[in-house]
Structure formats: C-alpha cells, structure tokens
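*Asks:* Mind having a look at this structure? Questions to follow.
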Amino acid sequence: MSVSRRHFTAGTAAVVLAASLPLPAFAQGKPKKSFQVGDLYKPGPLGDHVIGKDDAPVTIVEYASFTCGHCANFHINTFPKLKEKYIDTGKVKLIFRPFPTGPAELSIAAAMLAHCAGKERYFAMTSALMETQRNWMATQDPVPLLQKLASQAGIDEAKFKQCLSDQTLAAEVQRTGLRGFETFGVEGTPTFFINGTIVVDGDTTIDNLSKIIDPLIK
C-alpha cells in the first residue's frame, strides 16, 4: 500500500490516509530522508521483533501493515523463501516493524495481537494474520476470526481481551509507525531497508531480493 503522506494521531483513528500515490514495485536508491544507519537499528517505542542471527552480514528492516494486501502477498509468497534461503542460513537478520494503514483500528489491533503472541510466536502469528488477511478483513465482525487465530498462538480469551484493550500497546504501535514516517521516510507498505538503504518499495520477489542480498554477503 502506497500513499503520498500519512498523519498519525494518538487516538483510535490513528492513521488518516491522505492521498494515494502509486510507487514503483521495485526501486533502488538512497533513503528518502537523511539519517544515521545506526538509528535505524535502534528499537522504537514498541521494541523490535527480530528473526535471524545477530551477526548476520545483512540486516533487513521491514515496515508493513497487517491490512496491506501487498504485505500479505510478500509474507505468503516471498517471506518463506527469504527465510529458507537467507535467514535460516545465518545470512540475513530481519527486523519487522508495524506501520498501520487503513482501516487504522483493524491494522493496529492485528499488530497488537502479534505482539501479544510473544517473542517466540511473533513471526508465526504475523504469518497467520497475513495468510488469512482476506478472510478477517472481509467480514463485518472480524473479532471471532482474530480470536481463533490468537487462540492458536496461545492467547486465551482473557488475554485476547486484555491485549486489545491495552491503550499503551496501541499507542506504541502507532508511535512505531510515526517514527518510521518522520525519521526514516517510510511512505508505503511494505517498505524494506537492506543494510540501511531503502531498496524496495512495495511487494517484491525472492529473485529481486537476491540481486541485492547476494553481493552483500560475498
């Protein structure tokens, strides 16, 4: 999902999508904003969710929305291949950060549930939410479907309700997106930084990623 700019607020309507502006599906270049690469790797208000070896030669920072179709496509089609080829072999470390887009409340709620699944189950919950995105986004009442997914990740009914009513957590999800927008120039989802540079804006394939990653690990 790509937009020209986003406004983040502290309320439940956390994100207002201003205007649509298609961005290239695959673009190489400099970061849209000037920043220190070290700052990109510092955890934000939510902390970071990381998969891969700490000393991997390549670090990917992904900003994604749980209600973004392109993000779902990436996690269904490309992420498993990225994990098998690079993450599981110690070549890539992936840092995942939520970047809420519309519907804002639903995007934030899904990010909260993934966080509440805990460190060990975070990426499994993220994949489950992405893989079933069309189902829970298509219904007028997504709560039963989200609760079913949460239960499979070990989140019982009491924890489910507690998680979604945690205003501090909701604010941290929103501030994570705000930091991505204001500090690192993230304007669309998914956005990927590879070793500190925005090299992909939008959905992409493992072949495109390999063209960038392989020279960095030789």
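*Asks:* Only one of these conditions is not met by Thr139: (1) of a type in the set (Ser, Thr, Tyr); (2) open to solvent by 30 Å² or more (accessible area, probe 1.4 Å); (3) modelled with pLDDT of 95 or more; (4) closer than 18 Å to Gly69 by Cα. Which number is it?
*Replies:* (3)
*Asks:* If you scan the range 47-73, which residues turn out to be open to solvent by less than 10 Å² (accessible area, probe 1.4 Å) and on the phi > 0 side of the Ramachandran plot?
*Replies:* none
*Asks:* Looking at (1) at pLDDT 90 or above; (2) part of a strand (DSSP E or B), can you tell me which one Gln147 breaks?
*Replies:* With (1) at pLDDT 90 or above; (2) part of a strand (DSSP E or B) applied to Gln147, the lone miss is (2).
*Asks:* A follow-up question, please. Could you pull out the residue among Phe8, Phe35 that is hydrophobic (A, V, I, L, M, F, W, C), open to solvent by 10 Å² or more (accessible area, probe 1.4 Å), out of contact with any Lys or Arg (no Cβ under 9 Å at 6 or more places or on another chain) and at pLDDT below 95?
*Replies:* Phe35
*Asks:* Looking at this structure, is Thr126 under 21 Å from Phe96 (Cα atoms), surrounded by fewer than 19 Cβ atoms within 10 Å (Cβ to Cβ) and out of contact with any Leu (no Cβ under 6 Å at 6 or more places or on another chain)?
*Replies:* In short, no.
*Asks:* Name the single residue that is farthest from Thr78 (Cα to Cα) among those in the range 177-196 being out of contact with any helix residue (DSSP H, G or I) (no Cβ under 8 Å at 6 or more places or on another chain) and part of a helix (DSSP H, G or I).
*Replies:* So, considering only residues that are out of contact with any helix residue (DSSP H, G or I) (no Cβ under 8 Å at 6 or more places or on another chain) and part of a helix (DSSP H, G or I), the one farthest from Thr78 (Cα to Cα) is Glu182.
*Asks:* Among (1) touching a strand residue (DSSP E or B) at 6+ places or on another chain (Cβ under 8 Å); (2) within 16 Å of His49 (Cα to Cα); (3) among the polar types (S, T, N, Q); (4) surrounded by fewer than 22 Cβ atoms within 10 Å (Cβ to Cβ), there is one condition Asn195 misses while meeting the rest; what is its number?
*Replies:* The one condition Asn195 does not meet is (2).
*Asks:* Residues that are closer than 25 Å to Ser210 by Cβ: list the helices (runs of 4 or more DSSP H) wholly contained in the range 72-143 that include at least 2 such residues.
*Replies:* 79-82, 122-131
The values are calculated or read from the model by the stated rules, or taken from the named source; none is laboratory data. Because the structure is a prediction, the values reported are computed rather than measured. Using ideal geometry, Cβ is built from the backbone for each residue, glycine included, and neighbour counts are taken over all protein chains shown. Only protein heavy atoms, including side chains, enter the accessible area calculation; ligands, DNA and RNA are left aside. Shrake-Rupley method; radii C 1.70, N 1.55, O 1.52, S 1.80 Å.
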